[in-house]
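Structure record follows, encoded as structure tokens.
Laboratory data are not the source of any read-out in this text; all were calculated from the coordinates shown. Just so we're clear, the structure is a prediction, and the values are computed from it rather than from any experiment. Note that each Cβ is placed from the backbone with ideal geometry, even for glycine, and that neighbours are counted across all protein chains shown.
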Amino acid sequence: MAILQIALDVPLPRLFDYRLAEPAPADPVGRLAKVPFGAAGRGGSKIGVVAAVTGASDQPADKLKVAELVEDLPVLPADWLELCRFCARYYHHPLGQVMAFALPPLLRKGKKPRALKEKPAAAASPAPSFHEATPDQAAAIEAIARADGFQTFLLHGVTGSGKTEVYLQAIAAVLARGGQALMLVPEIALTPQLESRVSARFPGARIVSAHSGVADAARARAFLAALEGRADIVLGTRLAVFMPLPRLQLIVVDEEHDPSFKQQDGLRYSARDVAIFRAKQRDIPIVLGSATPALESFHHAESGRYRKLELPARAVAATLPPVAVIDTRKQKLQDGLGQELIAAVSERLQRGEQSLLFLNRRGYAPVLACPACGWLSHCRRCAANLVLHLADRRLRCHHCGLETAVPHHCPDCGNLDLTPFGRGTQRVEARLAELFPAARILRIDRDSADSPKKWHALLAAIHAGEADILIGTQMLAKGHDFPQLTLVGVIGADAALFAADFRAPERLFAQLMQVGGRSGRHALPGEVLIQTEYPDHPLYRALAEHDYDAFAREQLAERAAAGFPPFAFQAMLRAEAAELPQALAFLREAVAAAPAMPEILLYDPVPMRLARLKNRERAQLLVESKSRPALQAFLGAWLERLHALKAPRALRWHIDVDPLEF
């Protein structure tokens with residue numbers, strides 16, 4: 001009797017045995033199946049994926065429950081199943097939960113989306129027209145086209161150098177051979193803009209989008225179109241890496257350095273790293289593109305593991321915008337604005353050009369305080385402050401979402417004179433409105449663009465020239481092309497220079513280079529002004545010289561000396577409980593249960609930087625090794641022991657392999 005081993009969406013690292021009432025089809029592996037699950041008599045059922053077929057079970061045959069195959073959904077291909085198995089192995093996550101995550105919600109329920117009325121076939125389209133490539137672009141396009149099998153390319157191009165044009169011409173070559181292409185971007189906000197550009201370039205191609213903002217039915221239809229070979233190009237965020245593509249010939253990861261490619265809950269995977277595995281699995285080239293590559297990627301390119309393709313000059317604008325560092329130590333700032341920056345904005349207003357002021361902190365002020373007794377607007381659910389949002393007179397936690405009305409007086413001493421400390425985008429907006437009352441000012445952050453409709457309206461206003469001054473967070477830092485934007489001013493970046501996270505300088509450099517790259521991308525010359533109290537800091541010097549390579553090599557030297565990635569490999573065991581001592585006690589038990597391996601270093605358990613989140617206390621334990629295989633072997637053995645520990649019922653724990661958050 002054939003026994004089906006089915007992967008179910010449960011937090012257990014195992015498969016479940018079932019039998020079929022009727023004879024099994026020739027090869028049921030990859031089929032969805034509906035199975036009874038749970039205690040007898042409760043009548044619960046789940047949808048799972050048939051992962052294997054065996055002839056024996058450790059359960060008596062007459063005790064096995066009956067599975068029912070879902071007949072009207074296609075079989076999931078072998079390479080998709082192996083991709084899920086890789087993620088389960090490498091990230092030490094239950095296979096059933098990996099497969100459930102990788103499937104669209106509708107298919108996860110065993111349902112088929114309603115078919116849309118097919119559009120009439122488009123008339124044969126003329127061959128797509130391309131911009132004439134620069135010599136550097138042409139060399140990159142040719143290198144990708146000549147790739148024989150698996151190869152990882154790092155396309156390192158300055159902002160505005162035309163990386164997207166290289167992607168599009170590489171995709172065109174794939175489509176001409178009858179292949180499929182997968183293109184990943186870090187954020188949903190960038191997907192419609194890219195989809196519009198790709199659709200215009202390939203009017204005859206079937207293009208589907210995959211990201212969490214797509215409705216369930218549309219996402220399921222896109223998944224099936226890709227699986228059945230009816231989609232030519234898949235565009236999406238990190239979850240699109242799981243789209244099944246039988247004719248896949250090229251993968252592109254744009255802004256490959258972006259931390260958004262790392263999932264921070266559930267299956268904690270890196271879409272960039274999974275995409276590289278998938279390219280190797282399919283023996284096809286993959287292109288990682290960035291103006292500021294991740295230091296791991298830069299290291300691999302320097303060592304020859306990746307092939308570096310460089311675009312050192314802008315494709316349209318003549319030069320990169322000059323970067324000036326403004327020393328604010330002896331200046332009196334007006335809500336974060338120095339005189340030189342105010343004068344530069346005024347000059348752009350007189351010339352009819354746009355300015356962007358970058359401050360990666362939304363709200364009016366980070367905290368509301370009482371100068372009389374020292375009361376601060378703390379969040380009662382998190383180890384964080386409530387941020388003042390003066391526009392709607394609310395205090396909000398940006399971690400858990402808790403919000404309250406702004407108090408009329410101090411809750412502790414009754415003082416009426418409450419003071420906002422620090423500054424956010426709303427405060428800068430208010431000051432600019434006072435300084436330039438005739439200017440059209442747009443604030444772009446998660447508050448003003450809290451829906452796709454509002455976001456697109458803001459972008460349309462900018463492109464239509466209906467805004468003179470933009471105030472934005474990292475939402476505006478990458479992927480946008482505003483022809484009239486000639487000034488970028490950076491406010492409040494210094495805090496990241498001294499953060500405890502060793503990746504903070506890398507992220508700051510990438511952020512500032514990206515936002516500075518919005519300036520002067522077309523005929524009008526641009527300029528970048530960075531306000532700082534540390535004008536001689538090496539990071540700002542490298543930015544002023546547009547010298548990412550020097551910055552990266554200096555950072556890599558520091559990491560090599562400290563034994564940080566990419567010169568070591570890490571995993572993080574995190575625990576959360578109602579009280580911090582419970583979480584720390586579990587982690588100490590985990591250390592005691594760890595198998596002894598000489599290549600493994602376990603650090604002491606410590607509270608997380610944000611120790612309380614949503615009324616849960618959190619702690620973590622870092623595991624490190626100079627050898628990736630040794631770390632993986634340790635984690636596999638350790639997890640078996642962790643599952644056997646008697647943890648309190650309310651305690652939750654997880655493993656994060658290659659963590660980005662500390």
- Centroid-to-centroid separation of the range 293-341 and the range 515-549 [C-alpha atoms, Å]: 5
- P(r) histogram, all alpha-carbon pairs of the chain included - 10 Å bins from 0, percent: 3, 13, 22, 25, 21, 11, 4, 1, 0
- Burial ordering of 394, 574, fewest other beta-carbon atoms within 10 Å first: 394, 574
- Message: List the residues, sorted by chain then number, that are 5 or more residues from residue 161 or on another chain and whose placed amide H is less than 5 Å from its amide H.
- Response: 315
- Let a ≥ b ≥ c be the square roots of the eigenvalues of the Cα gyration tensor of the range 261-308; is it rounded (a/c under 1.5), or, if not, prolate (a/b larger than b/c) or oblate? oblate
- Message: Under the rule of at least 5 residues apart or a separate chain, name every residue whose amide H is placed under 5 Å from the amide H of residue 367.
- Response: 388, 421
- Message: Using +1 at the C-beta of Lys and Arg and -1 at the C-beta of Asp and Glu, which of 77, 592, 322 has the Cα lying farthest in the positive direction of the dipole of the chain?
- Response: 77
- Query: Out of 644, 472, 551, whose Cα points farthest toward the positive end of the dipole of the chain (charges: +1 Lys, Arg; -1 Asp, Glu; placed on Cβ)?
  - Reply: 644
- Task: Kindly point out which whole DSSP H helices in the chain project their C-alpha atoms 24 angstrom or further along the helix axis while averaging a Kyte-Doolittle hydropathy of -0.5 or above.
- Result: 628-644
- Task: Place +1 on the Cβ of every Lys and Arg and -1 on the Cβ of every Asp and Glu in the chain, take the dipole about the Cα centre, and give the residue among 435, 152, 7 whose Cα lies farthest towards its positive end.
- Result: 7
- Cα to Cα, under 18 Å, and not fewer than 8 places away if on the same chain: which aspartates and glutamates meet these conditions relative to residue 614? 265, 403, 576, 579, 661
- Set 262/626; 262/308; 308/453; 46/262; 330/454, cut-off 30 Å on Cα-Cα distance; pairs above it are 308/453; 330/454
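Just want to confirm a number: the relative contact order over the chain, from Cα pairs under 8 angstrom separated by 6+ residues, in percent. Numbers along the way, then the final one.
On the way: 1293 pairs, mean separation 73.8, N = 662.
So the answer I get is 11 percent.
Could you give the size of the charge dipole of the chain about its Cα centre, using +1 on the Cβ of each K and R and -1 on the Cβ of each D and E, expressed in debye and rounded to the nearest 20? Working shown, then result.
Working: 79 positive and 71 negative charges, 378 e Å.
Dipole about the Cα centre, nearest 20: 1820 debye.
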- Amide H contacts under 5 Å for residue 311, placed H, 5+ residues apart: 156, 157, 158
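Give the peptides 589-597, 296-304 in descending order of average Cβ contacts within 10 Å, highest first. Write out the running numbers ahead of the final one.
On the way: 589-597: 14.1, 296-304: 18.3.
Taking the mean over residues of other Cβ atoms within 10 Å, the ranking is 296-304, 589-597.
Using the crude model of +1 on Lys and Arg Cβ and -1 on Asp and Glu Cβ, and no other charge, please compute the dipole size for the range 301-408 relative to its Cα centre, in debye to 20. List each step's numbers first, then the result.
On the way: 16 positive and 9 negative charges, 71 e Å.
In total the dipole reaches around 340 debye.
Between the DSSP loop rule and a limit of at most 10 other Cβ atoms within 10 Å, which trypsin sites (Lys or Arg not before Pro) in the range 597-662 are left? Display every interim value, and only then the final one.
Working: sites: 609, 612, 614, 616, 618, 626, 641, 646, 649, 652; in loops: 614, 626, 646, 649.
In loop regions of the range 597-662 (DSSP not H, G, I, E or B), the sparsely surrounded trypsin sites (Lys or Arg not before Pro) are 646, 649.
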